[in-house]
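Here's the structure, in structure tokens; my notes come after.
The values are calculated or read from the model by the stated rules, or taken from the named source; none is laboratory data. Not measured: the values here are computed from a predicted model. Heads up, the Cβs are rebuilt from the backbone with ideal geometry, glycines too, and the neighbour counts pull from every protein chain shown. Just the protein is used for accessible areas: all its heavy atoms, side chains included, with ligands, DNA and RNA removed. Shrake-Rupley method; radii C 1.70, N 1.55, O 1.52, S 1.80 Å.
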Amino acid sequence: MAVVEMRKLTVIGLNSGRTPFLHELMHLGVVEINSQEGMVNDEEWMPDIFRTSNSADVLRLEADIARVSTAIEAINRYDTKKKPLFQVREEIVREDFVDHMNRTKTETEMNVDTAVMCYKQIAEGQNEINRLKGIIAGLKPWENLDLPLQMKETKFSAVILGTVAVKTKFEDLLQTVWEKVPSAVVQQVSADVQQMYISIICLKEERDLAYEALREFAFNPISFGEHKGTPKEAIQNYEIEIEEHQQVIVAKEAILAELSVARKNIEYLYDSLNMRRDRAKIVGDMLSTEMVFYFDGWMPKQAQPEVEALLKKYEFYYDLKEPEADEEIPVFLHNDGFSTPFEAVTNMYSLPSRHDVDPTKFLAPFYFIFFGMMLSDAAYGIIMAAGCWYILKKFKLEGMTYRMIKMFFYCGISTFIWGALFGGWFGDFFTVAAKTLFDVDLVIKPIWFDPMAEPMKLLIFSLILGGIHLFVGMGIQAYMFIRDGHPLDALFDIGLWYVLLIGLVLFGIGGSVAPVMVTVGKVMSIVGAVGILLTGGRKKKGIFGKITGGLGSLYGITSYLSDVLSYSRLLALGLATGVVAKVINTLGSLAGGGVKGAIVLLLAFVIGTVFNIAINALGAFVHSCRLQYVEFFGKFYTGGGRPFAPFERKTKYIKILKEEKNNG
């Protein structure tokens with residue numbers, strides 16, 4: 001369907017043309033080059049062919065990229081300018097990019113060195129400040145001690161400093177020390193929630209006796225040999241050092257802020273180095289002799305003309321062929337129009353395997369419907385669609401981000417449609433506001449019906465939608481059976497289930513349409529059930545195996561019933577949005593009319609609306625995905641495909657346009 005057909009490409013060319021060829025091949029960005037690791041390890045190849053090793057170049061470029069990345073991070077951290085909501089790559093023509101790099105490379109590399117050095121000095125200064133603050137925190141309890149910290153003893157006396165638990169009674173400690181060392185001078189310097197800080201001065205010959213007396217109080221001695229002066233003087237000196245480091249940091253931060261004008265050039269250098277690194281890696285993935293190189297890979301079929309033109313330009317030998325039946329190939333999805341944004345849903349689950357059908361075009365309309373039904377408020381839909389439209393217009397988004405925002409734009413439209421059908425406009429805000437503030441009865445009637453007044457109607461409609469969704473999934477599986485040459489599997493494993501399930505529906509509710517429908521449904525149910533019973537075990541051996549296989553297949557009807565019931569979440573989440581909105585509006589109206597009431601109602605409305613959109617939009621997103629992944633994909637989808645990874649310019653800040661510069 002939308003899985004792009006691939007071709008296997010093999011190329012042999014002269015090394016003399018390899019570098020310019022790789023530049024142009026990267027410019028095309030349509031060929032995935034395989035690693036030749038398997039051939040390198042093949043003894044049949046090794047005697048004559050060696051692998052080009054670019055590991056030194058790659059490592060050097062990786063180191064350069066890391067430095068430039070650090071410079072960008074440093075500048076961004078201290079740039080005071082407002083950052084955009086989305087980072088968008090700047091578009092530039094290749095000739096302009098090359099010319100710009102040639103003119104600015106030397107200056108840019110100097111700016112990178114400056115930014116990295118400043119960033120390093122800021123980090124070192126901050127680490128030193130943290131270390132000094134830790135020292136000051138350790139000295140603070142001793143701030144009142146009027147002794148030099150480096151003093152451990154004098155000619156005749158010893159100084160002992162340490163801590164005991166705060167629960168220790170100082171009088172007991174004092175009495176115990178004096179009993180053994182009567183000449184000791186004991187002082188409680190300070191205390192905090194955990195410890196008591198003690199200083200003791202005694203004769204040197206009585207130091208051991210003092211320690212012995214302190215042992216029963218779990219005394220922990222402390223030494224401050226690395227500090228100079230009294231604790232107060234040391235703290236002041238360290239605070240001066242901290243101020244000096246802070247001044248250096250401020251100066252370096254100012255330099256980094258000024259370098260913000262050079263950030264664009266540094267970003268150019270970052271992307272240039274990334275492209276050089278990628279080319280070096282690719283060269284390392286190729287096989288080479290002294291004269292020629294070899295590689296193989298994959299490319300989309302539609303890219304064949306431009307790739308062949310490039311290969312012919314360099315006069316390289318090449319071979320293009322279809323992949324083998326059992327060969328693993330990369331998967332590249334290409335959908336058009338409405339379904340393209342919903343590739344994000346497929347990619348979040350898993351890419352299709354080679355033999356799968358791309359489910360994107362089939363899930364897109366259902367996802368669109370399900371999301372809108374679950375959020376189901378026209379005003380919320382307008383807000384979501386308008387917000388996404390603004391983002392898409394203001395920012396040139398790419399890749400998955402673009403797809404997600406575009407998908408939510410469509411989902412906003414769906415939410416508006418279903419909200420209008422169900423009569424939800426900020427819940428019942430306008431009705432509540434009109435009654436509370438102006439005593440006017442204002443009712444916005446739904447175009448179709450109000451789910452809160454008729455929940456069973458919405459439930460039945462949800463289950464019908466679920467049945468259609470499942471039938472589409474079963475139909476895709478039937479198509480795949482027929483495509484792969486198994487029409488009987490399509491008939492027995494899908495067709496008979498169609499007969500049975502449709503028959504049960506007609507038998508149950510067909511009487512409301514026409515009495516004959518009940519009879520038709522009964523016959524279809526019997527035919528379908530008997531057919532499944534007889535054919536469900538056809539691939540098993542023996543009579544017993546075939547019978548049990550048929551019974552097991554028929555028992556699968558319970559899974560179909562549970563799958564259909566899963567779609568009741570459309571009712572649950574649809575009602576949740578309206579109920580939460582109505583509760584918020586009711587709470588806002590409790591203050592009554594007047595200016596005060598209007599302010600309370602408006603505050604409740606704004607805060608509640610933001611909350612309701614956020615929580616229920618998330619719920620609608622998650623549960624819409626679940627209905628695709630579990631119920632829909634479960635009927636036909638395998639997944640597990642490997643994404644197509646072409647050799648292209650993987651840039652972060654710039655987008656080099658494929659069009660050449662217009663000199664006319």
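Listed values, structure above:
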quantity: Cα-based convex hull volume of the range 108-246 per residue, rounded to whole Å³; calculated: 125 Å³
quantity: Principal axis box of the chain, alpha-carbon based, largest edge first, Å; calculated: 118, 85, 70
quantity: Computed over the chain: relative contact order in percent, which uses C-alpha pairs under 8 Å that are six or more apart; calculated: 22 percent
quantity: Filter on 105/652; 81/252; 120/650; 105/394; 105/281; 393/655 - keep pairs with C-alpha separation over 20 Å; calculated: 120/650; 105/394; 105/281
quantity: Enclosed volume per residue, in Å³, of the convex hull spanned by Cα atoms of the range 177-266; calculated: 173 Å³
quantity: Over 19 Å [Cα-Cα, the range 238-351], rounded percent; calculated: 75 percent
quantity: Relative packing of peptides 291-300, 102-111 - highest average C-beta neighbours within 10 Å first; calculated: 291-300, 102-111
quantity: Cleavage-rule hits, GluC sites (Glu not before Pro), the range 573-664, DSSP coil, Cβ neighbours within 10 Å at most 11; calculated: 659, 660
quantity: Mean ellipticity per residue at 222 nm, deg cm²/dmol - from DSSP H runs of n ≥ 4 across the chain, formula -39500 (n - 2.57); calculated: -19500 deg cm²/dmol
quantity: Cα-projected label distance for residue 400 with residue 77, points at 7 Å along beta-carbon direction, nm; calculated: 2.7 nm
quantity: Over the range 348-464 - Rg/Rh using Cα atoms and the Kirkwood inverse-distance radius; calculated: 1.10
quantity: Separation between Cα centres of the range 562-617 and the range 175-211, rounded to whole Å; calculated: 69 Å
quantity: For the range 571-664, the spread of Cα positions along each principal axis, largest first, Å; calculated: 66, 52, 22
quantity: In nm, spacing of pseudo-spin labels at residue 324 and residue 105 (7 Å Cα→C-beta vector); calculated: 4.4 nm
quantity: Relative compactness, the range 411-557, computed as alpha-carbon Rg over 2.2 N^0.38 Å; calculated: 1.59
quantity: Cross-link reach list, aspartates and glutamates versus residue 445, counting only Cα pairs under 15 Å and skipping chain neighbours closer than eight places; calculated: 377, 428, 454
quantity: Partners for residue 361 among lysines (Cα-Cα distance below 19 Å; same-chain residues under 8 apart left out); calculated: 406, 635
quantity: Rough spin-label spacing in nm, given labels placed 7 Å along Cα→Cβ, for residue 292 and residue 488; calculated: 5.1 nm
quantity: Largest-first principal axis extents of the Cα set of the range 483-634 (Å); calculated: 82, 38, 29
quantity: Cα-based radius of gyration of the range 208-256 once divided by 2.2 N^0.38 Å, which approximates compact folds; calculated: 2.03
quantity: Residue-level accessible surface for residue 258, protein heavy atoms, 1.4 Å, Å²; calculated: 130 Å²
quantity: Student exercise, the chain dipole from Lys, Arg, Asp, Glu Cβ charges, in Debye to nearest 20; calculated: 2100 debye
